[in-house]
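Please read the structure below before turning to the comments.
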Amino acid sequence: MQTGRLFEIIYILLSKDRVTAKELSERFCVSTRTIYRDIDTISLAGIPVYTEKGKGGGISLLPDFVLNKSILSEHEQSEILASLQGLTQIQSADAGRVLQKLSAIFNKTAAKWLEVDFSDWGLSGQDHWGDLKSAILQKRVTEFDYYSSYSEKTRRRVEPIQLWFKSRAWYLKAYDLTKRGVRVFRLSRIRSMAVTDEIFTGRDLLLEDTERTPPVRDKPDAALRLRIKPEMAHRVLDEFAGVVGEQDTDGSYIVSVCWPEDSWVYGTILSFGEFIEVLEPEHIRKIIRDKAKRIFEQYP
């Protein structure tokens, strides 16, 4: 991790005249003390990096410095260019400029091995991704309406910290100014968003804690055993990779999962239509049966 960070610091310094230790610490989620140790390591490696204190100061490379490509193997050069090409797919202007410079230095063309499209296949709704990226980089307080998993709408006022992709969905990590703590918001549930002109200062937050801490729910997890017919094989492969236990003689899949029991679980099961059966637990079998009956009664 440190070696990768050191290389990326060098690439950032190649693309910018000057950068502050605070900017680098926020980018890599480490302390400024760690950044200064990294700068010492880079300097000891023979790269002419220097720091200037005071207003307008920062970390810089000597103006005439050129990265000696001979310190990197052909494979390492290709790996660096491939990684930067991946970063350009998330609209990183810095990565694009660095990629262009290093391609010239290495006399190589970066392979376009990755393409990312953040839109869906249908008609997309409000796309907040670009606005939130700007709000994070510019440290602007952001306001929006948010719908919880229980369809409760609240107005939120937050300091956006990070965009987070997990389990096929985009989330926003942000410091909620009302709740006074870090919260995670699913982007698809955000409406009427506005990026304000109010600037906030960075907070010393451990973003990793939000990855390990699941959202608080009113209901406990439920251990489900599902029988899914072979007509839904594509969804089984997409949504239940690694948890398919066996197949019945008719080709149906037996799936065991542990999900937080709420309306999302019922909706997911019903989305399989007649191609799914809840084997366990019995109370969820009854809930699905009752919901299916009410659906049937709406179509006399």
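Details
- Taking the numbered list (1) surrounded by fewer than 17 Cβ atoms within 10 Å (Cβ to Cβ); (2) under 29 Å from Ser134 (Cβ atoms); (3) modelled with pLDDT under 65 in turn, Lys22 passes all entries but (3).
- Flag: Ala233 does not match the condition of being of a type outside the set (S, T, N, Q), open to solvent by 60 Å² or more (accessible area, probe 1.4 Å) and either farther than 24 Å from Tyr147 by Cβ or modelled with pLDDT of 85 or more (or both).
- Selection count where residues are out of contact with any helix residue (DSSP H, G or I) (no Cβ under 8 Å at 6 or more places or on another chain), open to solvent by 80 Å² or more (accessible area, probe 1.4 Å) and not aliphatic (A, V, I, L, M), scope segment 28-48: 3
- Segment 176-192 - residue that is polar (S, T, N, Q) and not in a strand (DSSP E or B) and, of those, modelled with the highest pLDDT: Thr178
- Search result, residues across segment 13-37 that are within 14 Å of Tyr50 (Cβ to Cβ) and acidic (Asp, Glu): Asp17
- Within segment 188-201, residues that are over 13 Å from Trp129 (Cα atoms) reach partners that are open to solvent by less than 60 Å² (accessible area, probe 1.4 Å) and among the aromatic types (Phe, Trp, Tyr) with beta carbons closer than 7 Å, at six or more positions or on different chains, in the pairs Ser192/Phe144.
- The single condition among (1) in contact with an Asp or Glu (Cβ under 8 Å, 6 or more places away or on another chain); (2) under 15 Å from Phe144 (Cα atoms); (3) crowded, with 17+ Cβ neighbours inside 10 Å; (4) of a type outside the set (D, E, K, R) that Leu187 does not satisfy is (1).
- When the helices (runs of 4 or more DSSP H) confined to segment 218-300 are screened for residues that are in contact (Cβ under 8 Å) with a residue 24 or more places away in the chain, those reaching at least 2 such residues are found at 263-270, 282-297.
- Flag if Glu198 is part of a strand (DSSP E or B), surrounded by fewer than 16 Cβ atoms within 10 Å (Cβ to Cβ), over 15 Å from the mean Cα position of the chain (by Cα) and of a type outside the set (A, V, I, L, M): yes
- Residue count, segment 253-274 (criterion: open to solvent by 30 Å² or more (accessible area, probe 1.4 Å), under 15 Å from Ala222 (Cβ atoms) and of a type outside the set (Gly, Ala, Ser)): 4
The values are calculated or read from the model by the stated rules, or taken from the named source; none is laboratory data. A quick note: this is a predicted structure, and the numbers were derived from the prediction, not measured. Positions of Cβ are backbone-derived with ideal geometry, glycine not excepted, and every protein chain shown enters the neighbour counts. These accessible areas exclude ligands, DNA and RNA; they are computed on the full protein's heavy atoms, side chains included. Shrake-Rupley method; radii C 1.70, N 1.55, O 1.52, S 1.80 Å.
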